[in-house]
Amino acid sequence: MDFKVLAVGDVVGTPGLNRVSRSLRYLKRKTGADFVIVNGENASAVGMTPQQGEEIFDAGADVITMGNHTWSRREIVPYIEENSRVLRPANYAPQIPGNGWGVYETRFGDVAVIDLIGRCGMDYGPDNPFLLVEKILKKIDTKFVFVEIHAEATSEKLAMGHMLDGRVSAVWGTH
């Protein structure tokens with residue numbers, strides 16, 4: 001039995017949100033996707049509001065990942081604290097709101113999703129994503145593990161893919 005995942009890169013602004021609202025369920029059916037992960041961190045062009053998060057979930061997403069614009073819309077804070085299906089980068093400081101990874105129940109068994117952010121070219125210093133993903137993987141005991149790295153540098157995304165090759169189900173980069 002195949003388990004198919006659809007990963008959607010950055011949804012940007014009203015046009016991106018409209019496209020996801022109109023097309024995600026169709027794409028899910030067309031591809032036979034069993035699980036959908038959408039990067040929503042730019043749904044407001046910069047950041048995402050709770051209403052936009054709900055629109056993405058209503059469109060068919062199972063998990064929403066974020067990135068460097070996670071905190072651009074302050075109204076996201078209580079939403080991200082209360083909604084375990086919205087992930088902020090795991091390598092942000094541990095005391096900030098929300099979760100950077102989660103395990104979700106599906107008919108195929110548990111699925112882990114890890115959201116990371118790169119360090120190259122960013123204006124702040126998140127934890128090292130390579131070291132942190134190693135710590136997280138030790139805590140996960142699922143058949144399926146999906147890792148998104150939201151980063152500026154293609155080389156950083158490729159390096160993560162090479163490092164995790166054969167150890168997780170999929171790695172992809174957004175930004």
Anything in region 104-143 that is surrounded by fewer than 16 Cβ atoms within 10 Å (Cβ to Cβ), not basic (Lys, Arg) and not in a loop (DSSP other than H, G, I, E, B)? List them, or say none.
105, 106, 109, 110, 131, 134
State which residue is nearest to residue 153 (Cα to Cα) when the search covers only region 67-97 and only residues that are part of a loop (DSSP other than H, G, I, E, B) and open to solvent by less than 20 Å² (accessible area, probe 1.4 Å).
67
Collect the residues in region 77-93 that are touching a strand residue (DSSP E or B) at 6+ places or on another chain (Cβ under 8 Å), modelled with pLDDT of 95 or more and not polar (S, T, N, Q), keeping them in residue-number order.
79, 80, 85, 86, 87, 88, 89, 90
Evaluation of residue 125 against (1) over 13 Å from the mean Cα position of the chain (by Cα); (2) under 20 Å from residue 53 (Cα atoms) (one fails), failing number:
(2)
Find the residue count for region 4-56, including only residues that are outside any loop (DSSP other than H, G, I, E, B), open to solvent by 10 Å² or more (accessible area, probe 1.4 Å), under 20 Å from residue 87 (Cβ atoms) and of a type in the set (S, T, N, Q).
3
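Any residue that is closer than 26 Å to residue 129 by Cα and either of a type outside the set (Gly, Ala, Ser) or in contact (Cβ under 8 Å) with a residue 12 or more places away in the chain (or both) - is there at least one of those in region 25-35? Give the derivation first.
Here is the first cut: in region 25-35, the residues closer than 26 Å to residue 129 by Cα are 35.
Then keep just the ones that are either of a type outside the set (Gly, Ala, Ser) or in contact (Cβ under 8 Å) with a residue 12 or more places away in the chain (or both); that gives 35.
Checked against the condition, which is being closer than 26 Å to residue 129 by Cα and either of a type outside the set (Gly, Ala, Ser) or in contact (Cβ under 8 Å) with a residue 12 or more places away in the chain (or both), region 25-35 yields at least one hit.
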Within region 144-171, the count of residues that are under 20 Å from residue 108 (Cβ atoms) and buried (at least 18 other Cβ atoms within 10 Å of the Cβ) comes to 7
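The values are calculated or read from the model by the stated rules, or taken from the named source; none is laboratory data. The shown structure was predicted, so the numbers you read here are calculated from the model rather than taken from an experiment. Please note: Cβ atoms are built from the backbone with ideal geometry, for glycine as well, and neighbour counts cover all protein chains shown. In case anyone asks, the SASA skips ligands and DNA or RNA and just uses the protein heavy atoms, side chains included. Shrake-Rupley method; radii C 1.70, N 1.55, O 1.52, S 1.80 Å.
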